[in-house]
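The numbers here are math on the coordinates, done by the rules we state, and not lab data. All values reported here derive from a predicted model rather than from experimental measurement.
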Amino acid sequence: MQIEAKSKSMGKVKGTSDLVVMLDDKILFIELKRARKVLKSGKLSTSHTKVSDEQKSFLSRVSGFPYADGYVCYGANEAIKIIEEIL
């Protein structure tokens with residue numbers, strides 16, 4: 001909470017992605033959400049964390065550039081998988 005408050009006081013725009021990965025020819029903007037749990041049935045639960053309108057708007061804007069992509073990842077493993085696929 002303190003880090004987020006300090007970021008906002010320094011000018012962080014609401015909706016900005018949690019993670020920015022700069023590669024040689026691409027910039028990835030990744031919004032991290034809590035990983036979905038595997039239910040007893042083997043299916044994935046729905047996430048309790050929602051993507052805000054500001055986050056959707058930000059990801060849509062950055063995905064409009066040829067050198068950038070925006071993603072929503074549920075858990076670090078999804079983010080790692082996307083990064084590895086692009087590398």
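Antiparallel DSSP bridges in segment 21-87: what percent, to the nearest 5?
Among the beta bridges of segment 21-87, antiparallel pairing accounts for roughly 30 percent.
Name the aspartates and glutamates eligible as straight-distance cross-link partners of Lys33: C-alpha to C-alpha under 15 Å, and not fewer than 8 places from it in the same chain.
By straight Cα distance, Lys33 reaches Asp18, Asp53, Glu54, Glu78.
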